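Please treat every number below as a calculation from the coordinates, not as lab data. Here the structure is a predicted model, which is why all the values come from computation and not from measurement. All Cβ positions, glycine included, derive from the backbone under ideal geometry; neighbour counts span all protein chains shown.
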Amino acid sequence: QKEVEQDPGPLSVPEGAIVSLNCTYSNSAFQYFMWYRQYSRKGPELLMYTYSSGNKEDGRFTAQVDKSSKYISLFIRDSQPSDSATYLCATHGSGNTGKLIFGQGTTLQVKP
Amino acid sequence: DAGITQSPRYKITETGRQVTLMCHQTWSHSYMFWYRQDLGHGLRLIYYSAAADITDKGEVSDGYVVSRSKTENFPLTLESATRSQTSVYFCASSGISEQFFGPGTRLTVL
């Protein structure tokens, strides 16, 4: 079993839709969670960073962590064609190695 | 320019040749990382470094060598390139928590 699981999609939605991207993780000791966005032929860029449980909002983006079910989500409101990208979830995992554990990434297409 | 840079951005080489990919960061981050990204596999860690002169293997380190004599530089060498090493390579660095990525090097091994 992978430590972080993410459905690769692809996910296609119409412009304006609410998008829900999800990951599950295996180890309840994981506490720091991140979402990266990667445009085609570019490097991943950090989108959201959360610690422990709860929600964090930044504009149209909301990151949610449910530690009881070991589930992390990224919601995109009023999705735009410019949101079309691959979204990767990640966690620091346990220990203090600096390494991240990534999900496989979900490819999102927002159609005008 | 501040940030993290990689060179070259594109490279075509032949099987058996040695290739070095360069990575430079201007933040003085302690941690640096090399990943490869392939369809169906996502990002896979090749090597990482916690500080100058401290490096450790990731999950796919066979055939790769790294060094880190200076904090800001973290070159990755393919000792004898194979076709299976055709990939996009990303360098990253992090301080306390967040990890930042370079633009990537697209390597083709013929």
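Taking H as built 1.01 Å from N, whose amide H comes closer than 5 Å to the amide H of B:ARG68, not counting residues under 5 places away?
B:ASP53
For B:ALA52 and B:THR20, what is the calculated FRET efficiency with R₀ set at 25 Å and r taken between the beta-carbons, to the nearest 0.05?
Step by step, r from the Cβ atoms, then E = 0.90.
Tell me, what HN-Hα J-couplings in whole Hz come from the Karplus equation 6.51 cos²θ - 1.76 cosθ + 1.60 at θ = phi - 60° for each residue of the stretch B:82-90, using x for Gly and Pro?
10, 4, 5, 8, 4, 5, 9, 10, 10
At 7 Å along Cα-to-Cβ for each site, give me the label-to-label distance between A:SER69 and B:GLU79 in nm.
Placing both labels 7 Å along Cα→Cβ, they lie 4.8 nm apart.
Using a basic spin-label model with each label point 7 Å from the Cα along Cα→Cβ, how many nm lie between A:TYR39 and A:GLN1?
Computed distance between label sites A:TYR39 and A:GLN1 equals 3.8 nm.
Determine the shielding of peptide B:23-34 by partner chains: average, over its residues, the number of Cβ atoms on other chains within 10 angstrom of each Cβ.
Whole-number average of other-chain Cβ neighbours for B:23-34 is 1.
Could you work out the mean count of beta carbons from other protein chains within 10 Å of each residue's beta carbon in B:95-108?
Average per residue, whole number: 3.
If we sort B:24-36, A:20-32 on the protection proxy, mean other Cβ atoms within 10 Å, highest first, what's the order?
Going by the mean number of other Cβ atoms within 10 Å, highest first, we get B:24-36, A:20-32.
With springs only between Cα atoms under 10 Å, which of B:GLU59, B:GLU14, B:GLU98 fluctuates most in a Gaussian network model of chain B?
Sorting by GNM fluctuation, first place goes to B:GLU98.
Which percent, nearest 5, of DSSP beta bridges in chain B are antiparallel?
Around 90 percent antiparallel, to the nearest 5.
Do any of A:LYS2/A:LYS67; A:LYS42/A:LYS67; A:LYS56/B:LYS11; A:LYS2/A:LYS42; A:LYS2/B:LYS70 go past 29 Å between their Cα atoms, and which?
In this structure, A:LYS42/A:LYS67; A:LYS56/B:LYS11; A:LYS2/B:LYS70 lie more than 29 Å apart at Cα.
Rank B:ILE54, B:ILE96, B:GLN85 by how far each Cα sits towards the positive end of the charge dipole of chain B (+1 on Lys, Arg Cβ; -1 on Asp, Glu Cβ) and give me just the farthest.
The one lying farthest along the dipole's positive direction is B:GLN85.
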